[in-house]
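Reviewing the structure listed below.
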């Protein structure tokens, strides 16, 4: 039987030095997210939300604790193995879109995927995603020709093209108006409804209410047990 838990964090701790003082960005955080769950994490700036997201994404090693993503601890892998694991299992959506300015929309989706041995039909799948995100007519436009909301939709479509098990979203509606926020949140919900897992860090009450579960972080700890 497939383990329904996509993300499992146990007692994650991350420390920094501020002058001579030790600051705990995370202090023994444990969290479990199953396939099909859409979870929002909220809390004041500096409470550790983004640190948790970076560790969950295999981008920042914890000082203590264990992380398991889809049955594997990415920090037990080599740097190259961890990078390949991220590419195959985790999709990232950030407040800043990180689109390549000289590539058109379609090539921005495909830039990380068209490698030797990549699956056939990927371009067609990318075009279908763009149609789903109401971006089919804009597929040959470069990012500077798109609105902010359109750029975020492209960034989410790029994250979904790799068929990840987990989407990590950091303030994905932070630069969006109400209409584009609703489109983005609807796509994240659809991804979770189809069996994916979503962890979204947000200050946006509308985004938090769109999630099926909301958890709060304060001073490096979860206020509501997850």
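Values quoted throughout were computed directly from the atomic coordinates according to the rules given, and no laboratory measurement underlies them. As the structure is a computational prediction, the values presented were derived from the model and not from experiment. Positions of Cβ are generated from backbone atoms using ideal geometry, with glycine treated the same way; all protein chains shown enter the neighbour counts.
Here is how the numbers come out for the structure above:
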| item | result |
| --- | --- |
| Residue in the range 163-183 that is under 13 Å from the mean Cα position of the chain (by Cα) and free of Cβ contacts under 8 Å to residues at least 60 places away in the same chain present | yes |
| Residue check for residue 181: surrounded by 16 or more Cβ atoms within 10 Å (Cβ to Cβ) and over 23 Å from residue 86 (Cβ atoms) | yes |
| Enumerated helices (runs of 4 or more DSSP H) restricted to the range 132-222, each holding at least 2 residues that are touching a strand residue (DSSP E or B) at 6+ places or on another chain (Cβ under 6 Å) | 148-161, 178-193 |
| One residue from 135, 200 being touching a helix residue (DSSP H, G or I) at 6+ places or on another chain (Cβ under 7 Å), more than 30 Å from residue 26 (Cβ to Cβ), crowded, with 20+ Cβ neighbours inside 10 Å and touching a residue at least 12 places away in the same chain (Cβ under 8 Å) | 135 |
| Failed item, numbered, when residue 58 is tested on (1) more than 20 Å from residue 170 (Cβ to Cβ); (2) in contact (Cβ under 8 Å) with a residue 12 or more places away in the chain; (3) out of contact with any strand residue (DSSP E or B) (no Cβ under 6 Å at 6 or more places or on another chain) | (1) |
| Filtered residues of the range 184-197 (kept if crowded, with 18+ Cβ neighbours inside 10 Å and over 14 Å from the mean Cα position of the chain (by Cα)) | none |
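Yes or no, residue by residue, for (1) over 17 Å from residue 202 (Cβ atoms); (2) exposed (fewer than 15 other Cβ atoms within 10 Å of the Cβ):
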residue: 22; (1), (2): yes, yes
residue: 36; (1), (2): yes, no
residue: 45; (1), (2): no, yes
residue: 49; (1), (2): no, no
residue: 57; (1), (2): no, no
residue: 62; (1), (2): yes, no
